[in-house]
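Contents: one structure, followed by commentary.
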Amino acid sequence: MLKEISTVSHGVEIAAMVMEEGVAHLCYVKPSITLLVQKVEKNVSKKSSGQEIYMKSLGKFFMDCYRAIRSVDFSQIKCFIIASPGFINQQLFKFVNEQIQGENDKNFKKDVEKFLLVKCSTGYMQSLNEVLADPKVMVKMENTKAINQSKILEKFYAIMTKNENMVAYG
């Protein structure tokens, strides 16, 4: 119990990067808590300032995100979720694949199979609940402790909305 509490990556089955253009949050989802491990912030130029400048600044942001992803211990992780509004998650996934091809890292190529791309409303931590409730994520992560507890909590909320008299205080 003490080891699980003191070690950040101990007991982690799901890692997630919730992001939008210029901001990314790398999180570990444990059965009882969600930890923000790393926050990546980069000023991304507007598209109106020129395509070349925009792509260069977006490339720098993706490189910082890639470095954050490489810090994750994929031997423990069952699934790595990349969630974003729009197509930023797909662009990052493409960037990660290009970096792997350039490095020719066979071990990390196996880990890319654990990636799951999901849509969310914002690129901030509040969207993580929305992402974990997504049916695509539920199917992929059906046997993890975090998802099982999430299902129990959803069931509890459903019962509470149907019958408000089933409340116990104290």
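At a probe radius of 1.4 Å, what is the per-residue accessible area of LYS155, in Å² to the nearest 10?
The accessible area of LYS155 comes to roughly 140 Å².
Rg and Dmax of the range 57-107, using alpha carbons, in Å: what are they?
Rg and Dmax of the range 57-107, Cα atoms, are 11.4, 32 Å.
Can you list the lysines whose alpha carbon sits under 22 Å from that of LYS30, skipping same-chain ones fewer than 8 residues off?
LYS3, LYS39, LYS78, LYS114, LYS119, LYS136, LYS140, LYS145, LYS151, LYS155
When the chain is fully extended, how far beyond the present Cα-Cα distance does ASP64 get from LYS39, taking 0.36 nm per residue of separation?
8.0 nm
Give me the net charge of GLY102's neighbourhood, meaning all other residues with Cβ under 15 Å from the Cβ of GLY102; Lys, Arg count +1, Asp, Glu -1.
+2
For the range 17-170, evaluate the Debye formula with one uniform point scatterer on each Cα (no solvent term) and list log10 I(q)/I(0) at q = 0.16 Å⁻¹, rounded to two decimals.
For the range 17-170, the Cα-only Debye profile gives -0.92.
Quick one: give the max-minus-min coordinate of the C-alpha atoms of the range 27-113 along each principal axis, largest first, in Å.
Sorted from largest, the Cα extents of the range 27-113 read 43, 33, 19 Å.
The values are calculated or read from the model by the stated rules, or taken from the named source; none is laboratory data. These numbers were taken from a predicted model, which means no experiment stands behind them. Here the Cβ is made from the backbone with ideal geometry for all residues, glycine too, and neighbour counts use every protein chain on show. These area figures cover heavy atoms from the full protein model, side chains too; ligands, DNA and RNA do not enter into them. Shrake-Rupley method; radii C 1.70, N 1.55, O 1.52, S 1.80 Å.
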